Amino acid sequence: MRERLVEAFREGIVVPQGLIAHGRGECFDYLIGEETIGPAVEAIRAAVAALLTARHPVISVNGNTAALAAEHIPRLAEATGALIEVNLFYRTRERAEKIAELLRRHGARRVLGVDDATARIPGLEHPRGMVSPEGIYKADVVLLALEDGDRTEALRRMGKLVIAIDLNPLSRTAQKADITIVDNVVRAMPLLVKTAEEMRKWPREKLLEVLEGYDNRRVLAEVIRYIGERLNRLAESLLHG
Ligand code: PTJ
């Protein structure tokens, strides 16, 4: 993962701040044991239900997400009928184009957010708030990963259902999103694809049932409890062998 990020940094896909963000993520990945835990599986099922029942779902892609999971994104878009949009915190046209090109190389047919980022998310400074009027601006459901808290909150204020992939269950994004997948984007993305390919055959009522039964506060509490119990077990095994 580190090598992929460093390489993507050299290619101008990842920003230096992205390398720091990755380090923070790694720390939380160690705390959950570097595996997809039960509460993340539950969030992934709810996320897929939300994407499959949405009118206008969009997958938002930034530098780190492209570097670590570009190969899965076109398949997830295909399986859920979602659009793909490059959406950058540190936006430059050149980097947006490089990310779009990487996604196209992995099979994406249409990538929004390069030359068409002409709409503005209210409450965010230019260029951080620039999105495509056909994509995130119009979306009812947005899937994002490694996102900044202000942008997550601004999307929520616009009435969108926000699905976030974030290893830190305490981050503002994790706390503010409607559905938080506390997992590494490298594991969550392929699992989202697999789950979407299974659940897309389900009737709409069954998908809506999954969504209605989902409670993000409970799921986040379960993640935090999981980490606490895991650390206690590790401490016990140090003391008692
Ligand atoms: O490419 P850009 O310009 O859009 O910039 C992307 C970054 C990541 C620099 C920008 O969005 C940012 O600064 O994000 P934050 O606020 O640092 O949030 C990143 C969150 O993602 C943190 O909570 C990290 O713990 C988490 N994270 C880091 N690596 C991973 C991760 N979550 C899932 N998978 C990871 N591999």
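The values are calculated or read from the model by the stated rules, or taken from the named source; none is laboratory data. It should be emphasised that the depicted structure is a prediction, and the values quoted were computed from it without experimental measurement. Cβ coordinates were reconstructed from backbone atoms using ideal geometry, including for glycine residues, and neighbour counts include every protein chain displayed. Heavy atoms of the whole protein, side chains included, go into the accessibility calculation; ligands, DNA and RNA do not. Shrake-Rupley method; radii C 1.70, N 1.55, O 1.52, S 1.80 Å.
Scanning the stretch 10-30 for residues that are more than 7 Å from the ligand (Cβ to nearest atom) and farther than 21 Å from Ala188 by Cα yields Arg10, Glu11, Gly12, Pro16. Among the residues examined, Ala82 does not qualify as within 16 Å of the ligand (Cβ to nearest atom) and out of contact with any Lys or Arg (no Cβ under 9 Å at 6 or more places or on another chain).
Filtered by the rule that a residue be open to solvent by 10 Å² or more (accessible area, probe 1.4 Å) and touching a Leu at 6+ places or on another chain (Cβ under 9 Å), the stretch 191-206 gives Arg200, Trp202, Arg204. Tell me, yes or no, whether the stretch 115-122 has at least one residue that is within 26 Å of Asp215 (Cβ to Cβ), surrounded by 18 or more Cβ atoms within 10 Å (Cβ to Cβ) and either touching a helix residue (DSSP H, G or I) at 6+ places or on another chain (Cβ under 9 Å) or of a type in the set (Val, Ile, Thr) (or both). No. Where helices (runs of 4 or more DSSP H) fall entirely within the stretch 145-241, those with at least 3 residues that are of a type in the set (Gly, Ala, Ser) are at 216-240. Take the conditions (1) open to solvent by 40 Å² or more (accessible area, probe 1.4 Å); (2) within 23 Å of Ile20 (Cβ to Cβ); Asp178 misses just one of them, which is (2).
Among residues that are part of a helix (DSSP H, G or I), among the acidic types (Asp, Glu) and either more than 9 Å from the ligand (Cβ to nearest atom) or free of Cβ contacts under 8 Å to residues at least 40 places away in the same chain (or both), Asp115 is not included.
Considering only residues that are touching a residue at least 60 places away in the same chain (Cβ under 8 Å) and not hydrophobic (A, V, I, L, M, F, W, C), look in the stretch 137-165 and name the one that is nearest to the ligand (Cβ to nearest atom). Per the stated criteria, the residue is Glu147.
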